[in-house]
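**Q** Pasting a structure here, questions to come.
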Amino acid sequence: MAEINKAIRGTADVLPNDSYKWQFVEQKMLETASLFGFKEIRVPVIEHTEVFTKSVGDTTDVVQKEMYTFNDKGDRSITLRPELTAGTVRAAIEHGLLNDALPLKVCYIGSCYRYEKPQAGRYREFHQFGVECFGAAVPAADAEVISLASRVLSNIGIKNLSLEINSIGCPECRKNYHAALKEYFEGNKELLCDTCKDRLDRNPMRILDCKCPECKKVAENAPVVIDYLCDDCAAHFEGVKKHLDAANMKYTVNPKIVRGLDYYTRTVFEFISGDIGAQATVCGGGRYDGLVGQMGGPKTAALGFAMGIERLMLVLDAQKAEFAPAKSCDVYIAPMGEAASLAATSLCTLLREEGFMALTDISGRGLKAQMKYADKIGAAFSAVIGDNELETGKCNLKNMQTGDTVEVSIPDGLVGAVYEAKISVMLEGIENATENFSVK
């Protein structure tokens, strides 16, 4: 029987004490992407299964082992997206976005779903930030996308990353590479897992990405794709390196990077962290020039990257990154009595319209309990309103940290009244808490 009071294995709750960190990271991601001309796109969580089998590749671990696929009530095969590139390409084709001015630059933040063994930094439901750039074929585009990834990671506060790049060539130059791989793995076939034995004839490159320890060990001495690049792909890769040099990007060529999805061509890259153990890749991406045409759209050069937000949060925690504090209560209004409660509701409404976090009692607490609550939630200021305050039209505004108070006027009638004071002075620091200000 399902344990209804526990999250499903491989999923995680983001609690209120942590959600502000996520908000900071996501805001920085979108802000940074906008500096490079990328605009946000939002695509559905569910897609027709063929969107992924045709793009991600039916020989990949994602398609073979990890997708959440089911038939809906119309007996259509539906899949929870395991990544966002394929859905983004589908949306670009469906809505004619590739007929507009190119390059088309889009970014996204969304949840993805893969059935795999949960571990630190790897969940069955996880969240990605990523970008896709369509209609840019030259090496400068590769360098710009890599530079954007680096800037995003830097702007959210992640340090000590290394960039590794490789080229896996085009379909033409990969033919010779596939032949060399097949010959090599045929000589070690008995050491491969059953899945990789099947891949040997269909797509031997996928063996390089297998997570099975035995297959990884065999793959260590396999031929590397960079030795089989055609002249055009080799020239493109050299151009990418020159543009990365021009952008002052430090990198290492790692000829063993192939990425886990079939649609990649030419440039592939990863950003690696040394602070989170085995799940060290915090961002991965590359070029996929054939994908748009493969999915029924016009032949269009394309590239992008994705980074898992859960894994980034793990790195930030390991590096003891400092976040700006979450927004807390600016002023708590403690009413005593029904009339005061109505007045407090009115005042909170008007304060919120001015952009302040204003709270009041909605639990029927006594005054002592209210003040204890105001202190617990970290309210900067509090004001008690009772019959006397209603009668005199004045109340004391208390600095909750220092205990200092200042008398302020309440407008006659209370309901519909508004503090027109410079309450922003409260936000400038505790030292200004007792500064006099007028309320009309």
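**Q** Only one residue in Leu153, Leu200 is within 19 Å of Thr60 (Cα to Cα) and in a helix (DSSP H, G or I), so which one is that?
**A** Matching residue, one of Leu153, Leu200: Leu200.
**Q** Could you run through the stretch 206-232 and say how many residues are part of a loop (DSSP other than H, G, I, E, B) and either on the phi > 0 side of the Ramachandran plot or in contact with a strand residue (DSSP E or B) (Cβ under 8 Å, 6 or more places away or on another chain) (or both)?
**A** Summing the residues that are part of a loop (DSSP other than H, G, I, E, B) and either on the phi > 0 side of the Ramachandran plot or in contact with a strand residue (DSSP E or B) (Cβ under 8 Å, 6 or more places away or on another chain) (or both) in the stretch 206-232 gives 1.
**Q** If you take the residues in the stretch 147-161 that are out of contact with any strand residue (DSSP E or B) (no Cβ under 8 Å at 6 or more places or on another chain) and small (Gly, Ala, Ser), which one is surrounded by the most Cβ atoms within 10 Å (Cβ to Cβ)?
**A** This residue is Ser147.
**Q** Among the numbered conditions (1) over 30 Å from Pro44 (Cβ atoms); (2) in contact with a strand residue (DSSP E or B) (Cβ under 9 Å, 6 or more places away or on another chain); (3) at pLDDT 95 or above; (4) not β-branched (Val, Ile, Thr), tell me where Cys170 comes up short.
**A** Unmet for Cys170, out of (1) over 30 Å from Pro44 (Cβ atoms); (2) in contact with a strand residue (DSSP E or B) (Cβ under 9 Å, 6 or more places away or on another chain); (3) at pLDDT 95 or above; (4) not β-branched (Val, Ile, Thr): (3).
**Q** Taking Lys299 as the residue in question, decide whether it is farther than 20 Å from Lys105 by Cβ and surrounded by fewer than 21 Cβ atoms within 10 Å (Cβ to Cβ).
**A** No; evaluated as a whole, the condition is false for this residue.
**Q** Note down all Cβ pairs under 6 Å where the first residue falls in the stretch 73-90 and is not assigned by TED's automatic domain parsing to the domain that holds Val43, the second is part of a loop (DSSP other than H, G, I, E, B) and surrounded by 15 or more Cβ atoms within 10 Å (Cβ to Cβ), and they're at least six residues apart or on different chains.
**A** Cβ pairs passing all conditions: none.
**Q** Spot the failing condition for Val152; the list is (1) more than 23 Å from Asp232 (Cα to Cα); (2) over 19 Å from the mean Cα position of the chain (by Cα), and only one is missed.
**A** Among (1) more than 23 Å from Asp232 (Cα to Cα); (2) over 19 Å from the mean Cα position of the chain (by Cα), Val152 violates only (2).
Yes/no matrix, rows are residues, columns are (1) out of contact with any strand residue (DSSP E or B) (no Cβ under 6 Å at 6 or more places or on another chain); (2) farther than 24 Å from Lys54 by Cβ; (3) surrounded by 23 or more Cβ atoms within 10 Å (Cβ to Cβ):
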position: Lys242; (1), (2), (3): yes, yes, no
position: Tyr251; (1), (2), (3): no, yes, no
position: Ile257; (1), (2), (3): no, no, yes
position: Met313; (1), (2), (3): yes, yes, no
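**Q** Look through the stretch 354-396, keep the residues that are in contact (Cβ under 8 Å) with a residue 24 or more places away in the chain and acidic (Asp, Glu), and return whichever of them is farthest from Ile410 (Cα to Cα).
**A** The residue in question is Asp375.
**Q** Mind listing whichever residues of the stretch 119-146 are farther than 20 Å from Asp232 by Cβ, crowded, with 24+ Cβ neighbours inside 10 Å and charged (D, E, K, R)?
**A** Passing the criteria: only Glu132.
**Q** Here's something else I'd like to know. Could you list, in sequence order, all residues of the stretch 1-60 that are of a type in the set (Val, Ile, Thr) and at positive phi?
**A** none
**Q** Looking at this structure, is Thr265 within 21 Å of Met307 (Cα to Cα), loosely packed, with under 13 Cβ neighbours inside 10 Å, assigned by TED's automatic domain parsing to the domain that holds Arg122 and touching a residue at least 60 places away in the same chain (Cβ under 8 Å)?
**A** no
**Q** Which of (1) touching a helix residue (DSSP H, G or I) at 6+ places or on another chain (Cβ under 9 Å); (2) modelled with pLDDT of 90 or more; (3) within 24 Å of Pro16 (Cβ to Cβ) is the odd one out, the single condition Ala339 does not satisfy?
**A** Condition (3) is where Ala339 drops out.
The values are calculated or read from the model by the stated rules, or taken from the named source; none is laboratory data. Keep in mind that this is a model prediction, so the values were computed, not measured. Every residue, glycine as well, gets a Cβ built from its backbone with ideal geometry; the counts of neighbours run over all protein chains shown.
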